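The values are calculated or read from the model by the stated rules, or taken from the named source; none is laboratory data. This structure is a prediction, so every number in the text was calculated from the model and none was measured. Positions of Cβ are generated from backbone atoms using ideal geometry, with glycine treated the same way; all protein chains shown enter the neighbour counts. These accessible areas exclude ligands, DNA and RNA; they are computed on the full protein's heavy atoms, side chains included. Shrake-Rupley method; radii C 1.70, N 1.55, O 1.52, S 1.80 Å.
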Amino acid sequence: MKSVLVTGGTGYIGSHTVIQLIEAGFEVVIIDNLSNSKEVVLDRVESITGVRPIFYPYDIRNFDALRELFDQYDFESVIHFAGLKAVGESTEIPLKYYDNNVSGTVTLCEAMAEAGCKNIVFSSSATVYGDPASVPILENFPTSTTNPYGSSKLMVENILQDLQASDPEWTVFLLRYFNPIGAHKSGTIGEDPRDIPNNLLPYVTQVAVGKLEQLAIFGDDYPTKDGTGVRDYIHVEDLASAHVKAAQQASNFKGTNIYNLGTGRGYSVLDIVKTFEEVTGQSVNYKISERRPGDIAECWADPSLVAKELGWKAHRELSEMLEDAWRWQSNNPNGYDS
Ligand code: NAD
Ligand code: UFG
């Protein structure tokens, strides 16, 4: 049985990936410091898969703990989700983001190198494209960032590329996620923001469930079909399956492999609200407000490279993403504390 270490494995995307890794026959070991997730996720994973993933409440910045772990297990790969992701907070407390996301990854890679485990799958983001000159976005578009969160992702991309260039035994996947939404079909695993959500989908579902009063749509004067922002929303289950493929095929890959993980389709904020209302029968109270600083008009992927090289494609439609997000939110109005 192949062993894989999943950092940040009790988080939103990590937990969905852990389920699929277990279903694909991997032995999964999670480390997560629980700064943005809860241990009860492990119960939910166990009830879905029948297997309780091995869990350590470790921080990726703790080299001694990592060293012990790498001594104890023979990991073939590391899937590295652990990181902080709140863009607004990153502008207020940048050092926290550089310490956690950048220094944390350096420490993780040092432990991996010492143990001879040299396959890493890293959670990057479409944020590294900044405000793209055109859409759809290809992997070779120029990179730039507008906030410390984005800079931390780009720095880690550069660090991992430099590491790979220095030692060809490393295989690096830099997976640039577009906008992950949705939840596991069971309605028992999903996104559980700690505070008021920053992202569109959890905001919409929390308005629909009555936790929040009204959605503010950030601007209707963008140069898009209806004036609201357009994004490439991707089902978290589709996203998870790309990581399983990368872990399964890591030994066939060499070098640094940079892939967009998106569907290749863009939907506006109003498309999301209307489709959500149609598929769930819930109405969403909203108003149009000012643009949010730093937002771009449109962003969607050209996902053809990852289809060609990794054989991965997103399959799930928007209606399914919204239905699944709603099942999770309505079953768990207060997230994992419900
Ligand atoms: P999440 O916050 O739900 O999961 C991240 C997990 O990492 C959390 O469980 C948190 O407790 C853990 N963690 C954070 N710092 C840690 C540390 N120092 N040591 C150990 N564990 C730590 O977020 P998510 O949405 O599942 O995102 C996973 C990854 O994907 C992140 O790196 C994020 O930046 C990236 N990403 C997310 C999105 C998105 O929209 N959700 C988009 C692009 C990229
Ligand atoms: N939006 C609203 N109201 C809200 C929240 C969002 O109208 O309450 C709009 C935004 O203006 C945007 C769209 O909904 O047009 C999507 O916004 P999100 O915040 O859900 O997602 P973003 O595309 O802005 O940001 C996401 C991740 C970031 C990442 C970025 C680029 O959350 O971490 O994609 O990859 F940096």
- Query: Has the stretch 33-52 got any residue that is touching a residue at least 24 places away in the same chain (Cβ under 8 Å), in a strand (DSSP E or B) and open to solvent by less than 40 Å² (accessible area, probe 1.4 Å)?
  - Reply: no
- Going through the stretch 297-338 in order, the residues found to be assigned to a helix (DSSP H, G or I) and of a type in the set (Ser, Thr, Tyr) are Ser304, Ser319, Ser330, Tyr336
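Regarding Gly294, is this residue open to solvent by less than 30 Å² (accessible area, probe 1.4 Å) and in a loop (DSSP other than H, G, I, E, B)?
Judged against the criteria, Gly294 is not a match.
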- Would you call Ser124 open to solvent by less than 60 Å² (accessible area, probe 1.4 Å), outside any strand (DSSP E or B) and in contact (Cβ under 8 Å) with a residue 24 or more places away in the chain? no
- Message: If I ask for residues that are over 23 Å from Asn158 (Cα atoms) and touching a strand residue (DSSP E or B) at 6+ places or on another chain (Cβ under 6 Å), which ones from the stretch 219-263 would you list?
- Response: Asp220, Thr224, Asp226, Thr228, Val230, Arg231, Asp232, Tyr233, Ile234, Val236, Thr263
- Note on the structure: Those residues of the stretch 297-329 which are more than 13 Å from ligand 2 (Cβ to nearest atom), over 27 Å from Pro223 (Cβ atoms) and open to solvent by less than 50 Å² (accessible area, probe 1.4 Å) amount to Val306, Ala307, Leu310, Gly311, Trp312, Asp324, Trp326, Trp328, Gln329
- Candidate set from the stretch 170-196 (those that are in a strand (DSSP E or B) and within 9 Å of ligand 1 (Cβ to nearest atom)); member that is nearest to Lys118 (Cα to Cα): Leu175
